[in-house]
Amino acid sequence: MGKRPMKKGNRFVSLRVKWAFGTAIGSMIIFLVLALTLVSAFTTDLLRQERHSLQTSMTTVARHIDDSFQNESQFTSRQVGQSLYEKPDSHDKDGSYYHHSMVQSLANSNLTIKVYDRQGRPVFATGKTQAGLKRQSGRSIQQTRGKFHKIYVGYQRLRSKQTGQTLGYLQVENHLTSYYQHVQRIHLVCGLLMILVIIVTGLMGYFLSYILLRPLNDIHDTVVAVRNDPVKNIRVPEMHRHDELSELGQMVNEMLDQMQRYIEQQGQFVSDVSHELRTPITIIQGHVEMLDRWGKKDPKLLDSSIKAVLQETSRMNSLVQEMLDLSRAEEVEVQFKGSECVVNDVVTHVYNDYKMVHPDFMFMLDNDLKNKIKVPVYHDHLEQILIILCDNAVKYSTKRKEIHITLSRNLNSVEIGVQDFGEGIGPEDAKRVFDRFYRVDKARSRKKGGNGLGLAIAKRLVEGYHGTISLESSLGYGSLFRVTLPIVDEPKKKGKQN
Ligand code: ADP
């Protein structure tokens, strides 16, 4: 992709990078939520197990001491030690210390067991305790701050089974060492997994966006090429995919087609106009040069030249006016939106005017409309369309001077027909008479004051108001121009029925 022009201070950040970044952040959030939920469930369960193991150990040790000192009211350090580490009973078949659940409890490195006498003096301990003694009447398990982290401490009063007297106190601590080791390991694994997820999803996002956004390169290259050379015939290549980007590529192509058509039309228009102006300017120049050389003292030549110059300037005037009308006709859709007029009135008005101005012609109006009908056309424009058609009918009628105007209605439209019985138009010319500056017989049309713009103006006006204009003609027999215009939707009046 070529270098992109950026506004000052705006750093270019590729969509791919943004996409990759977005995907990585998104998946990181999802992973974090999932991991936190799982880790918290897992650690809660682990803690529950540690607490349970503490509870079991306490029960085992307390029961054993209670059993061993049933009749005693005191015990010594040695007695307790002996009782806790005594050899298994003779009925223990395999003779292993480690089948004794209490000894297993004592061997558990997470647990520290400490026994105090009635006065609170320590008489037995399997290791160093981190919390002090709390004399409890029953049993309690507490979570408290240890040396490095939180620990579980269980307290229980020891009493003689026989006498019910307090023998001492039992304190069992679970330092949660394996729990914290597990948690640490889980955090490490989660951290590593998260880094992996970020890298993998980021890379996947980048490559996916690279594949998906590849057509943007083609669009970018095409736009840059056309920007550098507006008439260059280059288009976005076919993408063979059916998504937003292929739609965008197609739209860019259509826009470029339209833009180049406008450029061509503009060039054509300038060349047409200069060509049209060349004839009157040459004529004026010829007459003025002739006057300059010989005509100053020749009143006859002077008179005829002045007439010719006047005729040509008025032709140029009408040409300029018609060109202006043509360019305005392009904008009716926007400029005259919402205008409307009664078609019956406009047609009757134009018919009456022509009847009066051309008494040598026989004008006939055949009006099939029973009610007044509105069309969404600006009044003056409808009049202009009818004048162009009637003017031509008059201009190109030679022997049979008869013009029929018809007005009829279809379901959603009205149709105006202007028919003459004049020279008519051949099929080849009929295809082109609506083109700008097109005249069937240039010299004859010029003689009659035509610039070849009338029908082009009429067509643009009619189409600007969403109507149609068509021609049926037969050479030597006359022509029929048909204009169809949509009807304005009238809201139905209450209580009035058609
Ligand atoms: P112009 O100003 O030259 O009449 P138009 O655009 O109105 O230009 O018409 C284009 C050409 O179509 C005319 O030059 C003429 O040759 C032909 N034409 C238009 N209307 C008629 C008609 N009613 N009968 C025969 N030829 C016509």
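The values are calculated or read from the model by the stated rules, or taken from the named source; none is laboratory data. Computed from a predicted structure; not experimentally measured. Every residue, glycine as well, gets a Cβ built from its backbone with ideal geometry; the counts of neighbours run over all protein chains shown.
Can you find a residue that is of a type in the set (S, T, N, Q), at pLDDT 95 or above and touching a strand residue (DSSP E or B) at 6+ places or on another chain (Cβ under 9 Å) anywhere in the range 393-412? Yes: one or more hits.
Is one or more of the residues making up the range 459-472 within 7 Å of the ligand (Cβ to nearest atom) and at pLDDT below 95? The answer is no; no qualifying residue exists. Looking only at the range 177-186, residues that are surrounded by 13 or more Cβ atoms within 10 Å (Cβ to Cβ) and either at pLDDT 90 or above or touching a Gly at 6+ places or on another chain (Cβ under 8 Å) (or both) come to 5 in all. Do the conditions hold for LEU193, that is, is it in contact (Cβ under 8 Å) with a residue 24 or more places away in the chain and either among the hydroxyl-bearing types (Ser, Thr, Tyr) or farther than 20 Å from VAL17 by Cβ (or both)? Answer is yes for this residue. Go through (1) at pLDDT below 85; (2) more than 60 Å from the chain's Cα centre (by Cα) and name the single condition PHE148 misses. For PHE148, the exception is condition (2). GLY424 - would you say it is within 8 Å of the ligand (Cβ to nearest atom) and either in the same structural domain as VAL377 (by TED's automatic domain parsing) or not acidic (Asp, Glu) (or both)? For GLY424, the condition - within 8 Å of the ligand (Cβ to nearest atom) and either in the same structural domain as VAL377 (by TED's automatic domain parsing) or not acidic (Asp, Glu) (or both) - is met.
Filtered by the rule that a residue be part of a loop (DSSP other than H, G, I, E, B) and within 16 Å of the ligand (Cβ to nearest atom), the range 331-358 gives a lone residue, HIS358. Screening TYR155 against (1) touching a residue at least 40 places away in the same chain (Cβ under 8 Å); (2) in a strand (DSSP E or B); (3) closer than 24 Å to THR76 by Cβ leaves a single unmet condition, (1). All conditions but one from (1) touching a helix residue (DSSP H, G or I) at 6+ places or on another chain (Cβ under 8 Å); (2) within 16 Å of the ligand (Cβ to nearest atom); (3) not in a helix (DSSP H, G or I) apply to LEU369; the one that does not is (2). Is it the case that GLN265 is within 57 Å of the chain's Cα centre (by Cα) and not assigned by TED's automatic domain parsing to the domain that holds LEU461? Spelling it out, GLN265 is indeed within 57 Å of the chain's Cα centre (by Cα) and not assigned by TED's automatic domain parsing to the domain that holds LEU461.
Number of residues in the range 427-441 that are more than 18 Å from GLN321 (Cα to Cα) and more than 8 Å from the ligand (Cβ to nearest atom) equals 5. Take the range 135-160 and flag every residue that is closer than 22 Å to ARG63 by Cα and surrounded by 13 or more Cβ atoms within 10 Å (Cβ to Cβ). Passing the criteria: GLN136, ARG139, ILE141, TYR152, VAL153, GLY154, TYR155, GLN156, ARG157, LEU158, ARG159, SER160. The residue that is nearest to the ligand (Cβ to nearest atom), counting only those in the range 376-416 that are of a type in the set (S, T, N, Q) and surrounded by fewer than 22 Cβ atoms within 10 Å (Cβ to Cβ), is SER397. Yes or no: the range 338-360 includes at least one residue that is loosely packed, with under 13 Cβ neighbours inside 10 Å, of a type in the set (A, V, I, L, M, F, W, C) and within 24 Å of VAL414 (Cβ to Cβ). No. Considering the range 481-490, and only residues there that are closer than 21 Å to GLN419 by Cβ and surrounded by fewer than 20 Cβ atoms within 10 Å (Cβ to Cβ), the residue that is nearest to the ligand (Cβ to nearest atom) turns out to be ARG482. Considered as a group, the residues in the range 419-452 that are under 10 Å from TYR396 (Cβ atoms) and in contact with a helix residue (DSSP H, G or I) (Cβ under 6 Å, 6 or more places away or on another chain) include one that is surrounded by the most Cβ atoms within 10 Å (Cβ to Cβ), and that residue is ASP420. Is one or more of the residues making up the range 358-376 at pLDDT below 95, within 26 Å of ASP435 (Cα to Cα) and of a type in the set (Val, Ile, Thr)? Within the range 358-376, not a single residue is at pLDDT below 95, within 26 Å of ASP435 (Cα to Cα) and of a type in the set (Val, Ile, Thr). In the range 209-222, the residues that are outside the structural domain of GLU247 (by TED's automatic domain parsing) reach residues that are of a type in the set (Phe, Trp, Tyr) with C-beta atoms within less than 7 angstrom, at least six apart or across chains, in these pairs: SER209/TRP19.
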